[in-house]
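Everything below concerns the one structure shown next.
The values are calculated or read from the model by the stated rules, or taken from the named source; none is laboratory data. Since we're looking at a predicted model, the values are computed, not measured. Using ideal geometry, Cβ is built from the backbone for each residue, glycine included, and neighbour counts are taken over all protein chains shown.
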Amino acid sequence: MNNIPTEPKYSISSAANLLGISVHTMRMYEKEGLIIPFKKESNQRLYSDNDLERIRCIRQTINKDKINIEGIRRVLSLIPCWAIVKCSAEDKESCEAYNGHLKPCWMINHENNYCAGRDCRECEVYQSFGNCESIKNKLKELLD
Ligand code: SF4
């Protein structure tokens with residue numbers, strides 16, 4: 001985790017302005033599963049400073065490291081979520097997140113397992129892999 005504020009406060013157009021990208025690109029990152037915005041009851045999307053940092057990391061990975069969106073999604077699919085949330089062996093063995101490598105766990109439709117109905121945006125798995133620094137720190141924590 002990091003200390004960047006997680007309170008959702010920016011509309012999609014304000015967030016896009018702050019990042020210097022288009023609203024269309026923001027929507028694409030959401031559709032591709034790289035970001036989960038906060039959604040109000042009206043379905044309006046809001047973004048926090050932490051969300052902005054996540055998107056900066058995505059932009060850096062695409063523009064500097066030359067990894068495309070599909071590549072990022074596959075890297076995120078390798079997050080060992082089962083070791084973080086400590087779901088049961090039974091849940092793990094039947095879970096697409098454990099068995100697959102195409103999309104992150106929060107993009108999978110979970111039914112009848114530990115993650116069914118959980119709020120992925122608030123989950124330690126999603127939050128821990130939110131920016132370039134925290135990804136490495138979390139992996140060190142898991143592997144040390
Ligand atoms: S709650 Fe969502 S983000 Fe957390 S481990 Fe389950 S699917 Fe992944």
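A few comments on the model shown:
Residues are listed down the side, and each one gets a yes or a no for (1) among the hydrophobic types (A, V, I, L, M, F, W, C); (2) assigned to a loop (DSSP other than H, G, I, E, B); (3) touching a residue at least 24 places away in the same chain (Cβ under 8 Å):
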| residue | (1), (2), (3) |
| --- | --- |
| ASP65 | no, yes, no |
| ILE72 | yes, no, yes |
| ALA83 | yes, no, yes |
| TYR98 | no, no, no |
| TRP106 | yes, no, yes |
| ASN112 | no, yes, no |
| ALA116 | yes, yes, no |
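- Single condition LYS39 does not satisfy, out of (1) touching a residue at least 12 places away in the same chain (Cβ under 8 Å); (2) touching a Lys or Arg at 6+ places or on another chain (Cβ under 7 Å): (1)
- Check on SER88, farther than 24 Å from SER22 by Cα, more than 11 Å from the ligand (Cβ to nearest atom) and touching a Phe, Trp or Tyr at 6+ places or on another chain (Cβ under 8 Å): yes
- Any chance GLN60 is under 24 Å from SER13 (Cα atoms) and over 14 Å from the mean Cα position of the chain (by Cα): yes
Residue by residue, here is whether (1) touching a Lys or Arg at 6+ places or on another chain (Cβ under 9 Å); (2) surrounded by fewer than 18 Cβ atoms within 10 Å (Cβ to Cβ); (3) of a type in the set (Lys, Arg) holds:
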| site | (1), (2), (3) |
| --- | --- |
| TYR10 | no, no, no |
| SER14 | no, yes, no |
| LYS31 | no, yes, yes |
| ILE55 | no, no, no |
| ARG74 | yes, yes, yes |
| CYS81 | no, no, no |
| LYS86 | no, yes, yes |
| ALA97 | yes, no, no |
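- Note on the range 118-128: among residues that are modelled with pLDDT of 90 or more and either among the charged types (D, E, K, R) or more than 9 Å from the ligand (Cβ to nearest atom) (or both), the one that is nearest to the chain's Cα centre (by Cα) is ARG121.
- ILE108 being among the hydrophobic types (A, V, I, L, M, F, W, C), surrounded by fewer than 17 Cβ atoms within 10 Å (Cβ to Cβ) and modelled with pLDDT of 90 or more: no
- Qualifying position, being touching a residue at least 24 places away in the same chain (Cβ under 8 Å), farther than 22 Å from HIS24 by Cβ, assigned to a helix (DSSP H, G or I) and more than 13 Å from the ligand (Cβ to nearest atom), among LEU52, LEU102, LEU142: LEU142
- Condition check for ARG59: more than 10 Å from the ligand (Cβ to nearest atom), surrounded by fewer than 16 Cβ atoms within 10 Å (Cβ to Cβ) and outside any loop (DSSP other than H, G, I, E, B): yes
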